[in-house]
Amino acid sequence: MAAKVTLTIDGREITAPAGEKLLWAALDHGIYIPHLCAFREEERPAASCRLCLVEVAGFRAPVAACALTVAAGMVVQTRSPRVDRLVRQAFALLLSRHRLACGQCPRNGDCALQEIARRRGLKLRREPLPPLDHDLPVDNSPATFYYDPGRCVLCGRCVWVCRHRAGVGAIGFVGRGLNRRVGTFGDVPLAQSSCTECGACVSVCPVGALVAKPAP
Ligand code: SF4
Ligand code: SF4
């Protein structure tokens, strides 16, 4: 049997398998920590969405729970004024590049942004940061799905599964800074890339950026 460690989260003592990341240990015990980009099987999570920050006793600054391995005696607080401020800022940054029009979105009601806003009492509004709309064209070229960069929050989940689960590597990040988006090698439409239309990326997109087309 795998070794277990005992730690405390929000005053609750829990046990988790040694080597487990803090985010999954907390979620396994019904302790909510917002998260967007992480996968459980990732050995080295990118921790890029900055939503899963927590306070850990002995650490000077909040740390990303997806990248921190549990340790015996660890004492964690999922909320603090500092964590709440940083998570609010990270969420605002995500929303600044997300075309917020829930009423027209196929993921309305099944969207990670809506869930995080609801569970953490955050505003689903594009403020205080200025919106970064680029009016980038939708890639409608695949027969079975489309990619709308205007809704993409650059979490990287699609890129990771295309490489590590599908074993294809058809997509990656292209462009820099504010122009960063998901694209293909050579920036060709998906239908002209090595994409096999397996749909793995569509199934993990947390928002309405990669969307399956209705069956004909
Ligand atoms: S459909 Fe499959 S092969 Fe195509 S981009 Fe998505 S994960 Fe990669
Ligand atoms: S398309 Fe979806 S899964 Fe891919 S980076 Fe954008 S939001 Fe994340």
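Here are some notes:
- Extreme residue, farthest from ligand 2 (Cβ to nearest atom), among residues of the range 159-212 that are charged (D, E, K, R) and modelled with pLDDT of 95 or more: 197
- For the range 132-143, the criterion of being modelled with pLDDT of 95 or more and under 30 Å from residue 54 (Cβ atoms) is met by no residue.
- Criterion applied to 198, 205, 158 was being open to solvent by 20 Å² or more (accessible area, probe 1.4 Å) and near ligand 1 (Cβ under 10 Å from one of its atoms), and the one residue passing it is 198.
- Residues of the range 78-98 satisfying the condition of being within 24 Å of residue 152 (Cβ to Cβ) and either among the hydroxyl-bearing types (Ser, Thr, Tyr) or not in a loop (DSSP other than H, G, I, E, B) (or both): 86, 87, 88, 89, 90, 91, 92, 93, 94, 95, 96
- Of the residues examined, residue 110 is one that is among the acidic types (Asp, Glu), within 15 Å of ligand 2 (Cβ to nearest atom) and either touching a strand residue (DSSP E or B) at 6+ places or on another chain (Cβ under 8 Å) or modelled with pLDDT of 95 or more (or both).
- Residue within the range 171-185 that is under 25 Å from residue 33 (Cα atoms), open to solvent by less than 60 Å² (accessible area, probe 1.4 Å) and of a type in the set (Val, Ile, Thr) present: no
Here is a yes/no grid of residues against (1) buried (at least 20 other Cβ atoms within 10 Å of the Cβ); (2) more than 18 Å from residue 157 (Cα to Cα); (3) within 16 Å of ligand 1 (Cβ to nearest atom); (4) among the hydroxyl-bearing types (Ser, Thr, Tyr):
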site: 29; (1), (2), (3), (4): no, yes, no, no
site: 36; (1), (2), (3), (4): yes, no, no, no
site: 54; (1), (2), (3), (4): yes, yes, no, no
site: 66; (1), (2), (3), (4): yes, no, no, no
site: 76; (1), (2), (3), (4): yes, yes, no, no
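- Condition met for residue 118 (part of a loop (DSSP other than H, G, I, E, B), open to solvent by 50 Å² or more (accessible area, probe 1.4 Å) and either at pLDDT 95 or above or small (Gly, Ala, Ser) (or both)): no
The values are calculated or read from the model by the stated rules, or taken from the named source; none is laboratory data. These numbers were taken from a predicted model, which means no experiment stands behind them. Note that each Cβ is placed from the backbone with ideal geometry, even for glycine, and that neighbours are counted across all protein chains shown. In case anyone asks, the SASA skips ligands and DNA or RNA and just uses the protein heavy atoms, side chains included. Shrake-Rupley method; radii C 1.70, N 1.55, O 1.52, S 1.80 Å.
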